[in-house]
Amino acid sequence: MRGDGAARIGLTCLALALGPWLGDAAAAEPLMEIAIGIAPVVPDASTFLAIDKGYLREAGFEAHVETANSAATLIPFIASNRVQVVQGGLSLGYFNAVAQGLPLILALNSGSSPVNNTIMVRPDIADRFKTPADLKGKRVGIVAPGSIPEYGVGKVLATVGLTLKDIDIQYIPFQSMGAAFANAGIDAALEVPPYVDDLVTKGLAKAWIDPDSIMDPTPTTTVAYMVNTDWAAKNKDAAHRLFLAFARAGREYCDAYHHGPNRAEVVDLLVKHQVMDDPVALDRMRWQARDPNGRFNLASLIDIQDFFFRAGKLPAKAPEDRLVDPSYAEAAAAAFGPFKPTNEASTLEGCR
C-alpha cells in the first residue's frame, strides 16, 4: 500500500485533475447517486478501487453496484438508465445496441490485449494440431456466442481461410471447459487464466496457440466502461469527474498488473469483492492489460463489428463515430500525464 505521504500526493493530483469540473459550489453539493453495473472480471479492480479508496466520493458520488454474469445482460439496464455505467466484457450485444440507436457508448478501455487467452487442445490428440487449419471440423469450446473469444477464434481461423462455420462450436463456460476436455466432449477450446495453468497442471489440456500473437489490429479491447449517453449529456461535468476517478484507479490497476508494490492490495480487493476466491492463484495468474488512460483502438473496434456483421450475427453496423466517446480518455491523459509503472523492472507488455 502507499504510505501517507504518497496518499497525500495522490489526493492533491486528483484535486488538480478535477479542477476544470469540480468547483467550490459542486464540492458543497450532496453526493450524486450513481449505479454501476459490473460483470466481475479481474480488470473490474479499477471500479472497486475507486469505490473502496474513496475516489468516487471525492469526485462527488455515492456509488451502488449491481452485478451480473455478463455485460451483455446489463445492456438493457444501462439503456434504460437503471444503471448509468457498466464495466464488463465487450461483446456483440454492445454493437447491436448502438446500431439500434440505444443511448450508450464506450467511455474508457479497461481491458485489452495482451489478454493471455490460449487455444488449448486435448492431450491425447495434441499431435494432430499443427496449424489453425487442423481445427476444421473439430469441436471447439468457446465461452459464449458473440463474445470476444469467439471473435478471437474467428481471427485465428481466418489466417488459413476458414470461418466459424468450419468448426463445431460448443458454448461452454470457462470454468466448465476442464470437464469437457476430460469427457472428450471437445477437441480444443479458447481458455483464459487462471484456468489455462490449471488445465495444464491437471493434464486435461495442452496450450497451443496464443491468439494475441495472431490478432490484427491490436490492441484488442476486451473489457470496457460504457455510459448512458442521456445521463452523460445531462450531467456532463459529473460524467467527466466520474471517469477521471475511474482512470485514476485504472492506473493503480496497471501498477498492480506490473507487479508493483500494490499488487497484494489489489489481489485482496478482488477476493473481497468475490471476483476470485483464491488469492494465490490470482496473484500468480497473468492479468489483462489496458491502456493507462483508457484509450481505445478504434481500428480494433471497427474490425470486431465488421467481423460479426460478415458472420451474419449483426443485422446492421453502427456508425464508427458512435462506438466511442474519446473525450474521457483524453481528459485522463491531460490530467495525469504519462504513465510509468512503479516497478521499473517489469518487462510485461501492455498497461504502458
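Read-outs: derived from the displayed coordinates by stated rules, not from any lab. Please read all numbers here as calculations on a predicted model, not as lab measurements. Reconstructed Cβ throughout: ideal geometry from the backbone, glycine too, with neighbour counts over all protein chains shown.
Got a sec? How would Val121, Val200 order by Cβ neighbour count within 10 Å, fewest to most?
Val200, Val121
Checking understanding here: applying a Kyte-Doolittle mean of at least 0.0 and a length along the axis of at least 24 Å (C-alpha), which whole DSSP H helices in the chain pass?
Qualifying helices: none.
Give the distance, in whole Å, between the Cα centre of the range 227-241 and the Cα centre of the range 29-83.
Centre-to-centre distance over Cα atoms comes out at 14 Å.
What does the net charge come to around Phe174 if you take all other residues with beta carbon closer than 14 Å to its beta carbon, with K and R at +1 and D and E at -1?
-4
What does the range 130-270 give for Rg and for Dmax, in Å, if only its C-alpha atoms count?
Gyration radius and largest Cα-Cα distance of the range 130-270: 19.1, 55 Å.
Quick check for me: using +1 on Lys/Arg Cβ and -1 on Asp/Glu Cβ, what's the dipole size of the chain about its Cα centre, in debye to the nearest 20? It would help to have the intermediate numbers written out before the result.
Values: 32 positive and 40 negative charges, 99 e Å.
So the dipole magnitude of the chain works out to roughly 480 debye.
At most 14 other Cβ atoms within 10 Å and a DSSP loop assignment: could you name the trypsin sites (Lys or Arg not before Pro) in the range 75-183 that fit?
Those that pass, being in a loop and sparsely packed, are Arg82, Lys130, Lys136.
Output the relative contact order of the range 118-213, whole-number percent, from Cα pairs under 8 angstrom with separation of 6+ residues. Can you show the working numbers first?
Working: 155 pairs, mean separation 44.1, N = 96.
Relative contact order, the range 118-213: 46 percent.
Give the average over all directions of the projected area of the C-alpha convex hull of the range 209-271, one decimal, in nm².
That works out to 6.7 nm², a quarter of the Cα hull's surface.
Would you tally the net charge around Asp268, using a Cβ to Cβ cut-off of less than 14 Å, leaving Asp268 out, and scoring K and R as +1, D and E as -1? Show your work: numbers first, answer last.
On the way: positive: Lys53, Arg263, Lys272; negative: Asp52, Glu252, Glu265, Asp277, Asp278, Asp283.
Here the count lands on -3.
Stokes-Einstein at 4 °C, 1.567 mPa s, Kirkwood radius from Cα pairs: D for the range 118-213 in µm² s⁻¹? Please report the intermediate quantities before stating the final value.
Working: Rh = 12.9 Å.
The diffusion coefficient I find is 101 µm²/s.
Determine the relative contact order of the chain: mean sequence separation of Cα pairs under 8 Å and six or more apart, normalised by residue count, in whole percent.
Reported relative contact order: 26 percent.
Quick one: Cα convex hull volume of the range 251-347, Å³ per residue?
About 158 Å³ per residue, rounded to a whole number.
Under the definition of Cα pairs under 8 Å and six or more residues apart, what whole-number percent is the relative contact order of the range 44-136?
In percent, rounded to a whole number, it is 18.
Any idea how far the Cα center of the range 117-150 sits from the one of the range 257-287, in Å?
That distance is 28 Å.
Of (1) 1.00; (2) 1.13; (3) 0.90, which is the value of Cα Rg over 2.2 N^0.38 Å derived from the coordinates here?
(1)
Under a 5 Å amide H to amide H cut-off, with H placed in plane at 1.01 Å, what residues pair with Leu104 once short-range neighbours are removed?
Placed amide hydrogens put Thr229 under 5 Å from Leu104.
Between beta-carbons, use under 15 Å as the cut-off and find the net charge around Phe296, counting Lys and Arg +1, Asp and Glu -1.
-3
Just how large is the dipole of the range 117-173 about the Cα centre, in debye to the nearest 20, putting +1 at every Lys and Arg Cβ and -1 at every Asp and Glu Cβ?
About 60 debye.
Please state the shape class of the range 292-352: rounded when a/c is under 1.5, otherwise prolate if a/b exceeds b/c and oblate if not, all from the C-alpha gyration tensor. All intermediate terms of the calculation are to be shown ahead of the outcome.
Details: a/c = 5.88, a/b = 1.92, b/c = 3.07.
It comes out oblate by the Cα gyration axes.
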